[in-house]
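The values are calculated or read from the model by the stated rules, or taken from the named source; none is laboratory data. Fair warning: this is a prediction, and the values are worked out from it, not measured in the lab. Cβ atoms come from the backbone with ideal geometry, glycine included; neighbour counts cover every protein chain shown.
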Amino acid sequence: MKTKVLFFILGAATGFFIAYTHYDIIIAAGAAVILGAVSTAIALVLERNIRNYTPRSFIGAAIGIAAASLSFFAVREVISGFALPQEITSLISAAFFLFLFYTGITIGYRKARETEQQAAKRVHTRMVTETKILDTSVIIDGRIADVAEAGFINGTMIIPKFIIKELQHIADSSEPIKRVRGRRGLDVLKRMQKDIPNVSVKITNHDFPNIKEADLKLVELARRLKGIIITNDFNLNKVASLQNVKVMNLNQLSNALKPVVLPGETMNIHVVKEGKEENQGVGYLDDGTMVVVDEAKRYLGDHIEVSVTSVLQTPTGRMIFSRVKDEDSKHMVSDYRG
């Protein structure tokens, strides 16, 4: 309210003093009221739209006002060269001033907004088209293909030849588990090349003979290409972060998408092995989350109802601690009796 009153007073005073130099006090008072009302209306419009303005748009508007002011002085000099009555010259000058003022603000503001939008578009384009470099672990894991097929990751995927060699070495291993993992990784790459149109898989010859470890080679390649490493390897994640290389860890994405489990909730768990502590049992959720169950050693191999007691979130994943639901009820009864 104070701002509107101030705008009205300033506008009215300006209108009065401008008009009073040429007209009588009645006309000057009328001009004061009109200009005060216009100033108040401007204040209302600014107040409603001020939140939509950014610092850059204000700077653009200010530049527009400055350009309009310089143009006005030039126009005024031209008008003053004509032999016109003073009243007409003042009216024409005022009309030109308002026109140039409005045009300057409008053009300056719009140009600033266009610049902001173009900058945002460039950032978005850079994020979308930024080169992604895949490591062995994320290829073998296979979820990268599902994520890319869903459209959450797109653009160019770089796989260096030294990663392909590592996959081939694993696929040729004498150990059955390793052999299956290596072949799975090669199948994932084949699927990404042929079946996912929004992804371009490129195999490059980049290599660094002076660097022996594959992880360090990936980090160096990402630095040179200014790309992003996509991995499931927690240690590679740490090494890359220390060297200011961007990393996307699919395990972190998976953890972020896991349903929230709160203490007190119940779930059905298949106890598959013993825990580290005495009488503990261990089971797993469908997404691989480990569930530690107190007093569940005797239920080894069974499906049981458990009640969540706490959840531990670590950089490498999540662990859920629980107790057998029947045992939980017994604890509650004993606590009540005690």
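Would you call Ile177 in a loop (DSSP other than H, G, I, E, B), over 32 Å from the mean Cα position of the chain (by Cα) and among the β-branched types (Val, Ile, Thr)?
Considered against the rule, which asks whether it is in a loop (DSSP other than H, G, I, E, B), over 32 Å from the mean Cα position of the chain (by Cα) and among the β-branched types (Val, Ile, Thr), Ile177 comes out as no.
Tell me which of these Ser174 doesn't satisfy, since it passes every other one: (1) touching a residue at least 24 places away in the same chain (Cβ under 8 Å); (2) of a type in the set (Ser, Thr, Tyr); (3) farther than 20 Å from Gly155 by Cα.
Tallying (1) touching a residue at least 24 places away in the same chain (Cβ under 8 Å); (2) of a type in the set (Ser, Thr, Tyr); (3) farther than 20 Å from Gly155 by Cα, Ser174 fails exactly one: (1).
Cβ-Cβ distance below 9 Å, separation of 6 or more or different chains: which pairs start in segment 271-285 with a residue that is within 8 Å of Lys297 (Cα to Cα) and end on one that is modelled with pLDDT of 95 or more and crowded, with 17+ Cβ neighbours inside 10 Å?
none
Counting just the residues of segment 181-231 that are at pLDDT 90 or above and of a type in the set (Asp, Glu), which one comes out nearest to Val138 (Cα to Cα)?
Across segment 181-231, the extreme among qualifying residues is Asp187.
Results for (1) polar (S, T, N, Q); (2) modelled with pLDDT under 70, shown as yes or no for each residue.
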{"residue": "Gly81", "(1), (2)": "no, yes"}
{"residue": "Thr89", "(1), (2)": "yes, yes"}
{"residue": "Tyr102", "(1), (2)": "no, yes"}
{"residue": "Tyr109", "(1), (2)": "no, yes"}
{"residue": "Arg113", "(1), (2)": "no, no"}
{"residue": "Arg126", "(1), (2)": "no, yes"}
{"residue": "Leu134", "(1), (2)": "no, no"}
{"residue": "Ser137", "(1), (2)": "yes, no"}
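If we scan segment 237-260, do we find a residue that is closer than 17 Å to Glu166 by Cα and either within 24 Å of the chain's Cα centre (by Cα) or aliphatic (A, V, I, L, M) (or both)?
Looking for residues that are closer than 17 Å to Glu166 by Cα and either within 24 Å of the chain's Cα centre (by Cα) or aliphatic (A, V, I, L, M) (or both), one finds none in segment 237-260, hence no.
Would you say Lys178 is at pLDDT 90 or above, assigned by TED's automatic domain parsing to the domain that holds Lys217 and either under 24 Å from Leu257 (Cβ atoms) or not acidic (Asp, Glu) (or both)? Before you say what the answer is, go through the steps one by one.
Values: at pLDDT 90 or above: no; assigned by TED's automatic domain parsing to the domain that holds Lys217: yes; either under 24 Å from Leu257 (Cβ atoms) or not acidic (Asp, Glu) (or both): yes.
Answer is no for this residue.
Scanning for something charged (D, E, K, R), outside any helix (DSSP H, G or I) and in contact with a strand residue (DSSP E or B) (Cβ under 6 Å, 6 or more places away or on another chain), does segment 202-215 turn up at least one residue?
Among the residues of segment 202-215, at least one is charged (D, E, K, R), outside any helix (DSSP H, G or I) and in contact with a strand residue (DSSP E or B) (Cβ under 6 Å, 6 or more places away or on another chain), which makes the answer yes.
Of Glu175, Glu149, which residue is surrounded by 15 or more Cβ atoms within 10 Å (Cβ to Cβ) and of a type in the set (Asp, Glu)?
When all the criteria are applied, what remains is Glu149.
Answer yes or no as to whether Ile196 is in contact (Cβ under 8 Å) with a residue 12 or more places away in the chain and within 25 Å of the chain's Cα centre (by Cα).
yes
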